[in-house]
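So the structure is just underneath, and the comments pick up after that.
Rule-based calculations on the coordinates, nothing more; no lab input. Note that the coordinates shown come from a computational prediction; the quantities given were computed from them, not determined experimentally. Cβ coordinates were reconstructed from backbone atoms using ideal geometry, including for glycine residues, and neighbour counts include every protein chain displayed.
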Amino acid sequence: MVLTHGNKEKLLHYKPKFLPEAKQNSKASNQPTPDRNNVWSSETSFDSGFTSLKMSDGKNEVIKKKGLLKDQEKVLRMSFNNLNLLHSKLHVMKMTHQIRGLHTIIRNKETSREDFIFYSDRLLRLVIEEGLGFLPFAEKTIVTPTGDNYSGIAFTSKLCGVSIIRAGESMEDALREVCRDIRIGKILIQRDEKTGEPNLIYHKLPEDIADRHVLLLDPMLATGGSACKAIEVLLNHGVKDEQIILITLIAAPEGIDHMKKVHPEVTIVTTEVDKRLNERLFIEPGIGDFGDRYFGTT
């Protein structure tokens with residue numbers, strides 16, 4: 001089952017290898033016998049750790065409480081790459097061989113800058129196209145050259161892009177390739193070395209941005225601090241949370257959880273959710289510093 005945008009039910013396709021076997025005597029236990037084809041769900045947020053697992057049949061039977069093995073947590077986290085579990089407004093693109101292959105190239109530390117740019121651009125265009133699917137639309141019927149009617153749709157909202165400088169600027173060309181003559185604003189945010197808090201340095205936005213849907217561009221969602229600061233700037237200019245679509249290549253669970261708490265109505269579209277943040281707040285396994293690799297700086 002593939003979760004769609006907006007589902008309230010959190011389901012995880014996971015064939016448990018590490019969960020303890022249920023008792024063979026069904027009379028001695030009311031818990032369901034583990035089945036390799038069962039669908040599991042996780043009731044937790046990443047800042048507190050996994051708290052329980054339950055069967056998805058609605059009986060809410062607790063199989064395992066706190067203290068999951070690291071291998072269990074690892075398998076569950078890896079499964080998030082294909083499913084929209086962490087947040088109802090999170091959309092993770094379906095993992096195809098093409099997307100996995102592009103990730104393999106751009107994540108490789110041995111990849112040349114030329115290849116990094118080329119294959120990143122391909123992946124950026126795919127995720128931007130995906131993000132456009134969350135814009136409001138209305139049904140529209142047109143006449144084809146054969147004289148027959150075709151029932152389609154037409155987008156009903158004005159659109160603009162806003163890139164978070166500097167890495168977000170790498171996404172602007174891909175956006176222009178699919179949205180002709182689109183207006184693009186910019187927001188520069190710098191992290192305070194002492195406090196670790198993001199500070200607004202510069203912003204330039206379309207005058208009528210409050211009347212538009214906004215594609216917020218940032219290839220990496222790590223802690224979520226920069227994204228939330230940029231959203232704060234948009235809100236101060238009259239944009240509503242539900243008008244914002246954050247487009248990113250790779251997201252960390254911690255960043256998604258932070259976005260869910262601070263801006264729960266902002267849609268997030270990404271190609272993959274990685275395992276975690278490390279002690280330096282880099283995404284693991286991650287990609288390194290995307291901006292440095294794309295623009296050739298250190």
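Observations on the structure shown:
- Exceeding the 24 Å Cα-Cα cut-off - candidates LYS109/LYS186; LYS204/LYS229; LYS94/LYS240: LYS109/LYS186; LYS94/LYS240
- Net charge of neighbours whose Cβ lies under 12 Å from the Cβ of ILE128, counting Lys and Arg as +1 and Asp and Glu as -1: -3
- Coil-residue trypsin sites (Lys or Arg not before Pro) of segment 83-158, DSSP, other Cβ within 10 Å capped at 12: LYS94, LYS109
- Loop-located trypsin sites (Lys or Arg not before Pro) in segment 218-298 (DSSP state not H, G, I, E or B) with no more than 14 neighbouring Cβ atoms inside 10 Å: LYS240, ARG280.
- Other residues whose C-beta falls under 13 angstrom from the C-beta of ASP241 contribute a net charge of +1, scoring Lys and Arg +1 and Asp and Glu -1.
- Gyration tensor verdict on segment 90-295 (Cα atoms; rounded if a/c is under 1.5, prolate if a/b is larger than b/c, oblate otherwise): oblate
- For LEU188, distant residues with modelled amide H under 5 Å away: ILE165, ILE201, TYR202, HIS203
- Of the GluC sites (Glu not before Pro) in segment 80-155, those whose Cβ has at most 15 other Cβ within 10 Å and which sit in DSSP loop: GLU110
- Cα-based Rg of segment 173-298 normalised by 2.2 N^0.38 Å, two decimals: 1.06
- Amide H contacts under 5 Å for LEU159, placed H, 5+ residues apart: HIS213
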